[in-house]
1. Compare the Cα positions of B:I84, B:N96, B:I110 along the charge dipole of region B:70-141 (+1 at Cβ of Lys, Arg; -1 at Cβ of Asp, Glu; about the Cα centre) and return the one farthest towards the positive end.
2. Just to verify a number: what accessible area does A:Y83 come out at with the full protein assembly present, 1.4 Å probe, Å² rounded to tens?
3. Given just the C-alpha atoms of region A:19-177, how large is their convex hull per residue in cubic angstrom?
4. Taking θ = phi - 60°, what integer Hz values does the Karplus form 6.51 cos²θ - 1.76 cosθ + 1.60 yield along region B:118-123, in sequence order, with x for Gly and Pro?
5. Under 5 Å between amide H atoms, partner at least 5 residues away or on a different chain: which partners does A:S74 have, H built in plane at 1.01 Å?
6. Using θ = phi - 60° and the Karplus relation 6.51 cos²θ - 1.76 cosθ + 1.60, list the HN-Hα couplings for region B:93-108 in order, rounded to whole Hz, with x at every Gly or Pro.
7. Output ³J(HN,Hα) for region A:119-127: one whole-Hz value per residue in order, computed from phi by the Karplus curve 6.51 cos²θ - 1.76 cosθ + 1.60 with θ = phi - 60°, and x for Gly and Pro.
8. Where in region B:29-50 does the amide nitrogen come within less than 20 Å of the point 7 Å from the Cα of A:E67, taken along Cα to Cβ?
Amino acid sequence: MTSRRSVLLGASLLPLVAGFHAWRAARGGTTAPVVIAMRGTPRGEQVWFEPQGLWVAPGQTIRFVNEDKANVHSATAFHPDLYGRERRIPQTAQPWTSELLLPGEHYEVSLQVPGVYDYYCLPHLAHGMIGRIVVGTPEDVKWTQEDYHRSNRPTGLPGTFPDLNDVLATRRVPPRK
Amino acid sequence: MLSLSRFAAIAACSLFASCAYSGDSAAADKSPPPAPYAKVSSLVKLPDFIPGLGTLYVDPATLPAGPFLGYDKDGKLSATIYMIPMDALSKGTAWNNLKTGSTQVDSVDIYYNAGHPGVEEPHAHVVLFHDDGARQRLESK
């Protein structure tokens, strides 16, 4: 169990880490993509994103990799422009989708606008295959009240997003199984 | 991704196919089975060979339940699969007189599936293996 102290300590270090990444990006430096795996049991009883919650600095490249040998998956932002879903990404951010990825395929996205991004898998939304990426820290001037207070459940759909404070504290939140 | 409307169109078209598969097992022993059966990976984005199920063919008019015909890597009919939506089942929908790819059945597996293109809602897979080596052949990498 994560203590309140460690949560505060972890969150307090994030601006330093975010600042380093932002500085490196500004200098034209590169960092390796951070991987979010799409996984499932061999017969498809369970499917999930690993990690389900992820913290990154603005501009960090995120690579979604389908590691499920028997199924296809997508990573699709909650946004009205994509299949008419509710918007659950920052207001000024561009929506994104990998579309369907076959086993072994991958998709990369770089999220520039700080804030909270919620996404889902197209064929497994009814099963609750959803995830959350937190970009930057609450100290970023572009964070809005909406980012702070986004609910942990998609409206009218199954599944629960990792709590914002858990993502900020641990940087990687494993999936609920 | 193949939309529901596209699926409906394919299903409607297949109703008028001139060569409807009768369920005669001999006709489906080797892949590909006769029309209106179509390879699932040509209808939706799925792997050609799915471990545990094989290379799948289905008559789109029978979606979502099927039967889906599962072939091993040598093209031998190895399983018949039905995909039964849990929500519809719990609300009283019944599927009766479903055809089989073969009248010989060695064993049956029934398990939950979270969904995939073509049958996206959570459903049950009912898998009829047609001989005692079928399960192993369909699991082959």
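1. B:N96
2. Accessible surface of A:Y83 is approximately 110 Å².
3. Numbers: hull volume 16.9 nm³, N = 159.
Expressed per residue, the convex hull around the Cα atoms of region A:19-177 is 106 Å³.
4. Couplings: x, 9, 7, 6, x, 8 Hz.
5. Sorted by chain and number, the residues that satisfy this are A:L101, A:L122.
6. 3J(HN,Hα) across region B:93-108, in whole Hz: 5, 10, 10, 10, 6, 5, 6, 10, x, 8, 7, 8, 10, 8, 7, 9.
7. Couplings: 9, 8, 9, 3, x, 10, 5, 5, 8 Hz.
8. B:47
The values are calculated or read from the model by the stated rules, or taken from the named source; none is laboratory data. Everything quoted here is computed from the prediction, not taken from an experiment. Here the Cβ is made from the backbone with ideal geometry for all residues, glycine too, and neighbour counts use every protein chain on show. Surface accessibility is based on the protein's heavy atoms, side chains included, excluding ligands, DNA and RNA. Shrake-Rupley method; radii C 1.70, N 1.55, O 1.52, S 1.80 Å.
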